[in-house]
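Contents: one structure, followed by commentary.
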Amino acid sequence: MSNVLNVALIQTSLVWENPKENRRLLNEKINTITKGVDLIVLPEMFTSGFTMNPALVAETMTGDTIIWLTQLAKEKEAAIMGSLVISENNKFYNRMVCVDPSGAITTYDKRHTFTLAGEHNVYTAGTEKVMFNYKGWKICPLVCYDLRFPVWARNVEDYDLLIYVANWPKVRIKAWDALLEARAIENMTYCIGVNRVGLDGNNHEYSGHSVAYDVLGTRIDNFLENEDAIEIVTLDKDLITKYREKLNFLNDRDHFSLTE
């Protein structure tokens, strides 16, 4: 249990459809972190970039990347999370994997597949909202296009931290900026978004804009756009308690249930 959580956000370019090289480069970046951190956050599809060729890069839950994440979490004594392409039961998933230092794994399959890019034609959408419980923090992991759907993210679980990982293109980055801030404010939670930079194999450009907001929508990071960088932010659970008790906005939230 800890009231303070130090989170490393890794905003980086990705090598197109090359899991081995991406693991190598990410390992190098993570090894530059000298300050102790509790949680490391990688972008969406961090082993491949946002590809619609899942058969080229898909792994299993016992594959090289899961082994790498498990070993890294143990070595760094920090949880690590990000999404990658997983093959399971003859289906492909854009799966967020959250690994804690003990080796325990929590997974979340992207609920809203990005129809504009045809993601729904090759990836199976998830159906379950998941909480990653770590060091006394209740963390809600979501992926990219999920950001456009506030009902799915609504804080009915009293989570402490909402995390989006993404390959969100520069051409629509204004929406990314606005919606992340809104999710923090409306859910009275810390909200983190980790996006990639650079060009992908389809020549789509990504400008980063990774960010961290507190429960009032105040930005607490120092990222620059288009920067290949690591930012460490410190989250304080006492701040969440202070403003939730003072303002009580979540007490007035609408009650609803989701059905297929």
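Of everything in the stretch 89-108 that is in contact with a Pro (Cβ under 8 Å, 6 or more places away or on another chain) and not aromatic (Phe, Trp, Tyr), the residue that is farthest from VAL165 (Cα to Cα) is THR106. Each residue in the stretch 111-123 was checked for being crowded, with 17+ Cβ neighbours inside 10 Å and either among the hydroxyl-bearing types (Ser, Thr, Tyr) or in a helix (DSSP H, G or I) (or both), and 5 pass.
Residues of the stretch 213-257 that are among the small types (Gly, Ala, Ser) and within 18 Å of LEU179 (Cβ to Cβ): GLY217 alone. Kindly evaluate VAL57 against the criterion of being among the aliphatic types (A, V, I, L, M) and under 21 Å from ALA229 (Cα atoms). For VAL57, the condition - among the aliphatic types (A, V, I, L, M) and under 21 Å from ALA229 (Cα atoms) - is not met. Applying the criterion of at least 2 residues that are within 28 Å of GLY136 (Cβ to Cβ) and at pLDDT 95 or above to the helices (runs of 4 or more DSSP H) found wholly in the stretch 1-110 leaves 19-30, 64-76. Being assigned to a loop (DSSP other than H, G, I, E, B), within 21 Å of MET188 (Cβ to Cβ) and under 22 Å from the mean Cα position of the chain (by Cα) holds for only one residue in LEU216, LEU235, and it is LEU216. Among the residues making up the stretch 51-79, those that are touching a Pro at 6+ places or on another chain (Cβ under 9 Å), more than 13 Å from ASN18 (Cβ to Cβ), hydrophobic (A, V, I, L, M, F, W, C) and in contact (Cβ under 8 Å) with a residue 40 or more places away in the chain are ALA78, ALA79.
On the given criteria, is ILE240 in contact with a Ser or Thr (Cβ under 8 Å, 6 or more places away or on another chain), modelled with pLDDT of 90 or more, hydrophobic (A, V, I, L, M, F, W, C) and part of a helix (DSSP H, G or I)? Against the criterion (in contact with a Ser or Thr (Cβ under 8 Å, 6 or more places away or on another chain), modelled with pLDDT of 90 or more, hydrophobic (A, V, I, L, M, F, W, C) and part of a helix (DSSP H, G or I)), ILE240 qualifies. Taken as a whole, the condition of being free of Cβ contacts under 8 Å to residues at least 60 places away in the same chain, among the hydroxyl-bearing types (Ser, Thr, Tyr) and closer than 30 Å to ILE33 by Cα applies to TYR164. VAL151 meets the conditions (1) under 30 Å from LEU239 (Cα atoms); (2) within 16 Å of the chain's Cα centre (by Cα) in every case but one. The failed one is (2).
Quick one: would you say VAL211 is in contact with a Gly (Cβ under 6 Å, 6 or more places away or on another chain), within 25 Å of TRP137 (Cβ to Cβ) and buried (at least 19 other Cβ atoms within 10 Å of the Cβ)? Answer is yes for this residue. Residues in the stretch 134-155: is at least one polar (S, T, N, Q), under 24 Å from ASN53 (Cα atoms) and touching a residue at least 24 places away in the same chain (Cβ under 8 Å)? No, there is no match, as no residue in the stretch 134-155 is polar (S, T, N, Q), under 24 Å from ASN53 (Cα atoms) and touching a residue at least 24 places away in the same chain (Cβ under 8 Å).
The values are calculated or read from the model by the stated rules, or taken from the named source; none is laboratory data. Everything numeric here is computed off the predicted structure, so don't read it as measured data. Here Cβ is always computed from backbone atoms with ideal geometry, including for glycine, and neighbour counts include all displayed protein chains.
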